[in-house]
Amino acid sequence: LGCLRSTFCGSRASGVLYVFTLSEIVSQLAYLFANMNCVIERNSVKGPLGKAIHALSRIGNELWLDPMVKGLALRSVNSAHSAYGCFLFSPMFFKHYSLESGSKQGSKAIKCKLVMKSVLPLFRCLTSIERSVERCHMSVSTATDRVIIQFFCRHGIIKTHNIHFQESEALQAVFDSHLCANVLKAPARLLADMVVHFPLFQEEITLSITPMKVTLRNYQQGGKGPMKTMYTEMSLHPNEFDYFQIGLDSDITFCLKELRGILSFAESRSLPVSVYLDAAGKPVCFSVEDMVLEATVLLATVTDSDSRDHSQPTESLTPKISRCISSPAQPVAMSQGPGSRSYTVPDELIASSQGSPVISCPGAMRLPQTREQTCLSVDSQECTSSTSSPASTKVCSLLFNALSSQQDQDGCAAQLPVLACYSDEENADDNPRSPS
Amino acid sequence: MKFRGKITDIACLNHFTTFSRILKSAVCLNEADPLCSGVVTTISKLTKTCVLRLTPDHLFFILPGKVTNGGVGMWCQLLQANFFQEYQMEGVTSEVQEICLEVSPEPWSRALKTVQSAKSVKLKLTRKHCACLTVAAELPTLSSVGRVVTHDVPVDVIPRRLWQEFQEVGVPDFDVSVYLPPLKTMKSVVDRMKNLSNFLVMEANLNGDMNLKIQTDLVSVTTHFKDLGNPAGGDVSSQDGGPSQSRDPEVMAEVTVDIRKLQQFLMGQQVNPSKALCNIVHQNVVHLVLLHEDVSLQYFIPAVA
């Protein structure tokens, strides 16, 4: 085994070749070196896991696997950074769940970024999975840069899939739902019944909330004159919700397509959905949880002053950002170096982010490979004092990058044609807000 | 020009739902529509416009048999009194008590889909960003307050000079008229035949026999239906009331049609009609007539050139 190991390591450079010829051995080795190992029982494969992957596939093209002590997180973000989804499965969900021995909080549990196109087909046909798969075994092998997903099927058939991953920093959006003025909770059925009236191609919808009612209507882009579109509106009375808290009348517009995934997930599990929303421009959070999992989708909302344009590739929008920057806007680096991605941390770390390394955004965005595990105050100062830091980064990493809401409403927001939102960056205690 | 109608009776709503399902299949558009999978991509391109015609007594839903619709025409007629608890309209002028609207099938069928689960529906002609037919459906909820869904379906008012296209089509001078076999049976036959050929021959005679035939280089398949019965006055001569030149009851009148159009027609028929018959004009057109309780539906499938 020892010599095999060295041969194996030595031949890493040859890439694909050794995988084909040694695939059997490789998976055995990979198992030994596996950084994370978990086993999922049949019903859980089809149900929550399969559906979670389906829901995330509606959000982004890449899937982040983040094995942590407190569970396995599956995450995705869309290319415009206007939608983020996270499904966290607690260790209780798995029949067996283990991280690399010696792995403790803060140690290097590997974070993998997979291409969604490689993973989704494995779970595409949930009914056939239900029929034939008895067990699913997932492991991450750092030695081979592969995530190994094995389906143990009936009749002794084992299907092994080795999926290449890129090592990556954690994709982490931290959103403090406690800061939201409005909170709704409704059975999944209710929300599903609301969205069913809108066509599948409907991109954005507007949710309006007042103490009297909650209204959903399709969002029409202005200036679409000659094209006659059907306008649909529906309203719900507050007492249809399990929980209805309103602090602020607001109208938020967000992308419906990305929401459908989690709604379908919630419906399949018959779980209630909690909605956290605030003023236009701030992200809206949809979350679902039960004893073994927690799912969250964060969607950017259109800012008040911007009711015209919609999500476009953020790169193209950067030149339009004016107020917040003193230097020419640089296009957002979508990926710095080999798949590292960095995000800032807003003021408060909520429980779910424990264990994931947190990176400061602007610094990293400007300087490739810079990864700072810094404490909050330093981060914030980085952000606010860096007037030269491209506001584009602030715009684009909208969920992950923090700008104070004060700033947004003053001026930045007015300039931003992107479907953007900001979460509060600083606690008033940590840092005084400074206009950039 | 004004129109408002309201349906509050559950039984009427159910009938309306039946009607809307028939329409949906006839227009057969939305790719996500479970009724239409498979036939969609071909047929959906054929159906671009639908016409809604309102008179004091009737509601007509018409697919004009133009080239854009592949020559297929559909005519659906409802007696408004059987559906609406309230029905008020004012035509384009005080003499002409009629309104003709052109509506795009897809949004219209989506609005109708909402109606299917409603407990009451209001329809009215409004002007929002453009002329619209507003469908306001009240949906049942567990709480005391209903849920209202409003769809504003954009419509175009059709000018009077174009109205003659949408006037009532008389029954054509047909050669044979025969009752149809159970539509489900026909559908399963046609579905399988569609896999083999694009064209199907429908023929029937005055003896109550009907055949559906396809022919390819390799295979020919014929399905025979017997003892279907012919409606009284089942041929042209007796219609005229003149001296009957009796048609030989054994002689078949036939039409070669595009099989997909026949399939489209059959797909929508989920409820068994109280009467279903077929008039055939030899080598010309197939005229299918379905009578449900309150709805009469006529479908014209032209012969393939």
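The values are calculated or read from the model by the stated rules, or taken from the named source; none is laboratory data. These figures come from a predicted structure and were not determined experimentally. Here the Cβ positions follow ideal geometry from the backbone for every residue, glycine too, while neighbour counts run over all protein chains shown. To get the accessible areas, we keep the full protein, side chains included, count just its heavy atoms, and leave off ligands, DNA and RNA. Shrake-Rupley method; radii C 1.70, N 1.55, O 1.52, S 1.80 Å.
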Determine whether A:Tyr231 is within 14 Å of chain B (Cβ to nearest Cβ), open to solvent by 10 Å² or more (accessible area, probe 1.4 Å), within 25 Å of B:Val145 (Cα to Cα) and touching a residue at least 12 places away in the same chain (Cβ under 8 Å).
yes
Checking B:Phe174 against (1) more than 24 Å from the chain's Cα centre (by Cα); (2) in contact (Cβ under 8 Å) with a residue 24 or more places away in the chain; (3) in a loop (DSSP other than H, G, I, E, B), only one condition comes out false. Which one?
(1)
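Being in contact (Cβ under 8 Å) with a residue 40 or more places away in the chain, outside any helix (DSSP H, G or I) and farther than 30 Å from B:Phe225 by Cβ narrows it down to one of B:Leu133, B:Leu142, so name that one.
Every option except B:Leu133 fails the conditions.
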Within segment B:14-56, the count of residues that are closer than 15 Å to B:Val295 by Cβ and at pLDDT 80 or above comes to 2
So B:Leu101, is it open to solvent by less than 10 Å² (accessible area, probe 1.4 Å) and more than 12 Å from every other protein chain (Cβ to nearest Cβ)
yes
From the residues in segment B:295-305 that are among the β-branched types (Val, Ile, Thr) and in a strand (DSSP E or B), which one is farthest from the chain's Cα centre (by Cα)?
B:Ile301
Please return the ranges of strands (runs of 3 or more DSSP E) entirely within segment B:245-294 where 1 or more residues are of a type in the set (Gly, Ala, Ser) and within 22 Å of B:Val189 (Cα to Cα).
B:253-258, B:275-281
What number of residues in segment B:109-129 are at the interface with another protein chain (Cβ under 9 Å from one of its Cβ atoms), open to solvent by 10 Å² or more (accessible area, probe 1.4 Å), in contact with a strand residue (DSSP E or B) (Cβ under 9 Å, 6 or more places away or on another chain) and not hydroxyl-bearing (Ser, Thr, Tyr)?
3
Would you point out the residue of segment B:134-176, among those that are surrounded by 17 or more Cβ atoms within 10 Å (Cβ to Cβ), in contact with a Phe, Trp or Tyr (Cβ under 9 Å, 6 or more places away or on another chain) and more than 10 Å from every other protein chain (Cβ to nearest Cβ), that is farthest from B:Glu254 (Cα to Cα)?
B:Ile158
Any chance segment B:281-296 includes a residue that's touching a Ser or Thr at 6+ places or on another chain (Cβ under 8 Å), open to solvent by 20 Å² or more (accessible area, probe 1.4 Å), in contact (Cβ under 8 Å) with a residue 40 or more places away in the chain and in the same structural domain as B:Leu180 (by TED's automatic domain parsing)?
no
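Here's the yes/no breakdown for (1) in contact with a Gly (Cβ under 8 Å, 6 or more places away or on another chain); (2) open to solvent by 20 Å² or more (accessible area, probe 1.4 Å); (3) closer than 18 Å to A:Thr296 by Cα:
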{"position": "A:Phe165", "(1), (2), (3)": "no, no, no"}
{"position": "A:Gln172", "(1), (2), (3)": "no, no, yes"}
{"position": "A:Phe244", "(1), (2), (3)": "no, yes, no"}
{"position": "A:Lys257", "(1), (2), (3)": "no, yes, yes"}
